[in-house]
Amino acid sequence: MKSNFSHIGLAKLCGWFGITRQAYYQNTWDAITSTLEEDLVIQKVKQIRQNHRRMGARKLYEMLEPFMLEHQIKMGRDALFNLLSSNNMLVRRRKRRIQTTNSFHWLRKYPNLIRNFIPIAPNQLWVSDITYWKINTGEHLYISFITDAYSHKIVGYQVAETMEAIESIHALQMALSEFGKHNHVNLIHHSDRGIQYCSHAYVKLLQDYNIEISMTENGDPLENAVAERINGIIKEEYLETYEIKYLNEAKELLKEVVELYNNERPHMSIGNLTPNLIHHSKTPIKTKKLWKNYYRKKTTIVNPI
């Protein structure tokens, strides 16, 4: 149906509303430009999410900044959030938990050495944990992670069908593989009191490398906050978005996901840089790092050695 104003000239319509024809055309062009820019951003987000399938708006914004600068797109984080919301592209977090720690055993349990400890360089504190991964057959696999608490880089990992100590030992061996023995007198290994970490074989491997052993003293997740956070990121943002049926598929996927996490995903607590960049940097990086240590927040300078 034609508009009742279709016979009226543009000059008269602009006069009625108190705007110039130049302003009319400019506003029309701005609307077109804005739509094109939003389409470009949406397409770039889809491209990023091919690998980082459940990456949230804050991390996306960091990864989009070079792209938006290159294309002269001005869009703040709130605008990006609104754009994702209007396109049904926001990520919903899911909370599920299965007990993976058995601390009711007769093996020796070690004291917590990191209650007031703040790492100021890589390889001063490693944190370890085991988490479950429910695959499409309905069965659970179990992942052992070892993470450098300073850089947040995953330095060792292993996925298996059981939670036997030998699987956690494989993750530790991976973490230690780039070092020679007796190099780590200043390194602390922190974990919960699970039977895997208290096993004779696991403890002996740590002692062979002169690594101090630290363990949580109660069931509070804040006692191993960095490890708990890594578990959530890897599962919620990556693993749970894939259909996996077999262990060999799981091993290949976990390897790819750890590479993406270490090398591409920006991390807020290290100045929105990537874990691998912080871990291997030879020069000081001038940015503030928010270290979450139990119930307090501390601020330190990221200054890798």
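Of the candidates Tyr157, Tyr142, Tyr197, the single residue that is assigned to a helix (DSSP H, G or I) and crowded, with 20+ Cβ neighbours inside 10 Å is Tyr197. Only one of the numbered conditions (1) in a loop (DSSP other than H, G, I, E, B); (2) modelled with pLDDT of 90 or more; (3) aromatic (Phe, Trp, Tyr) is violated by Phe179, and that is (2).
Yes or no, residue by residue, for (1) at pLDDT 90 or above; (2) exposed (fewer than 13 other Cβ atoms within 10 Å of the Cβ); (3) charged (D, E, K, R):
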site	(1), (2), (3)
Val203	yes, no, no
Ile213	yes, no, no
Pro221	no, no, no
Gly232	no, no, no
Leu260	yes, no, no
Ile278	yes, no, no
Pro284	no, yes, no
Lys288	no, yes, yes
Arg296	no, yes, yes
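So, in region 160-176, of the ones that are modelled with pLDDT of 90 or more and not in a helix (DSSP H, G or I), which residue ends up nearest to the chain's Cα centre (by Cα)? Looking at the filtered set, the residue picked out is Ala160.
The criterion of at least 2 residues that are at pLDDT below 75 is met, among helices (runs of 4 or more DSSP H) falling completely within region 1-80, by 10-17, 21-48. With respect to the stated conditions, Glu167 is of a type in the set (Asp, Glu), touching a strand residue (DSSP E or B) at 6+ places or on another chain (Cβ under 7 Å) and under 30 Å from Ser269 (Cα atoms). Of all residues in region 250-276, those that are of a type in the set (Ser, Thr, Tyr) and touching a residue at least 40 places away in the same chain (Cβ under 8 Å) total 2.
The values are calculated or read from the model by the stated rules, or taken from the named source; none is laboratory data. Because the structure is predicted, anything quoted here is derived from the model rather than measured. Cβ sites come from the backbone with ideal geometry, for glycine too, and all protein chains shown count toward neighbours.
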